[in-house]
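To start, the structure under review is shown below, and the notes come after it.
The values are calculated or read from the model by the stated rules, or taken from the named source; none is laboratory data. Everything quoted here is computed from the prediction, not taken from an experiment. When we count neighbours, we look across all protein chains shown, and the Cβ atoms used for this are built from the backbone with ideal geometry, even at glycine. The protein model used for the area step is the full one, side chains on, heavy atoms only, and it has no ligands, DNA or RNA in it. Shrake-Rupley method; radii C 1.70, N 1.55, O 1.52, S 1.80 Å.
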Amino acid sequence: MIYLWAFVIGGAICIIGQICFDVIKLTPAHTMSLLVVLGAVLDGVGLYEPLIKFAGAGATVPITSFGNALVHGALEELQKDGWIGVITGIFKVTSAGISAAIIFSFFAALLVRPKG
Amino acid sequence: MSNNKKKKLTPVQQEYKELSDKREPARPVLKNCVRAFLVGGTICLIGQAITDMFVRWGGFDREKAANPTVAVLILLSVILTSLGIYDKIAQWAGAGTAVPVTGFANSMASEAIESRSEGIVLGVGGKMFTLAGPVIVFGTVAAFVVGILHFIFNPNGAGGH
């Protein structure tokens, strides 16, 4: 069942992105930034976590989960270390995404010639 | 187009803008949304399968498995980008390939590969973040604001968990 909801919710978040492209005519950078902020706000009010429980990868794979993970790291450290935790914790959970993207992209750029 | 932006243009430019707006082909919104839904949903489906693999064989619990899943998806995305396949799918799928984290990785990898000729430091290192930069900046600022709001209104609460 989680596979069905992963597909539906993940697809639905992509539709929101497509509407930002086509109807509101935002650039990809604006759209992605908007979705990340949306994810951060949803986690801030405690709604993103239930969505992950419900839809699994449908909620963790779209870029909104990046905003969610940033807030998650910040709040975790906030509880442990007080206000400074907001700064020290922001990238705690997102390390996987950012470091993987930087490392793999860097080596791809060394190995691959541009196409077209 | 907002009036504010219109005011800054000369009359001739305004005329041109109106003409170009009129002549711009209408975007097939519904078709694009269906494609975005199908491809985006499929990527999430693949993500769910990878998550389950990490849970079953990697000893991760369900919540922790999201991180390695993202890393694997990013690796796949960078490989497909390197082979020129991701951009072909992206032309068909629109936001369906842009919104998942694979799109984030695709933007970084393709910028890095294309900017290789401008040098490793300024090209690869600098241009990599053309699209990813705004995402990281606004995500971080938003997370900071949310964190501070939690600190002010709910310092001991467990919000967000």
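All conditions but one from (1) in contact with a Pro (Cβ under 8 Å, 6 or more places away or on another chain); (2) buried (at least 16 other Cβ atoms within 10 Å of the Cβ); (3) of a type in the set (Gly, Ala, Ser) apply to residue B:77; the one that does not is (1). Among residues of region B:121-145 being open to solvent by 70 Å² or more (accessible area, probe 1.4 Å) and either touching a residue at least 24 places away in the same chain (Cβ under 8 Å) or among the β-branched types (Val, Ile, Thr) (or both), the one that is farthest from the other protein chains (Cβ to nearest Cβ) is B:121.
May I ask you to verify whether residue B:97 is buried (at least 24 other Cβ atoms within 10 Å of the Cβ), in a helix (DSSP H, G or I) and within 8 Å of chain A (Cβ to nearest Cβ)? No: the conditions fail for residue B:97. Of all residues in region A:50-65, none are surrounded by fewer than 24 Cβ atoms within 10 Å (Cβ to Cβ), more than 8 Å from chain B (Cβ to nearest Cβ) and assigned to a loop (DSSP other than H, G, I, E, B).
So, of the residues in region B:30-68 that are within 27 Å of residue A:19 (Cα to Cα) and of a type in the set (S, T, N, Q), which turns out to be farthest from the chain's Cα centre (by Cα)? Among those that are within 27 Å of residue A:19 (Cα to Cα) and of a type in the set (S, T, N, Q), it is B:48. Residues that are farther than 18 Å from residue A:59 by Cα and either touching a residue at least 12 places away in the same chain (Cβ under 8 Å) or of a type in the set (Gly, Ala, Ser) (or both) within region B:81-105 comprise B:81, B:82, B:84, B:86, B:87, B:89, B:90, B:92, B:93, B:94, listed in sequence order.
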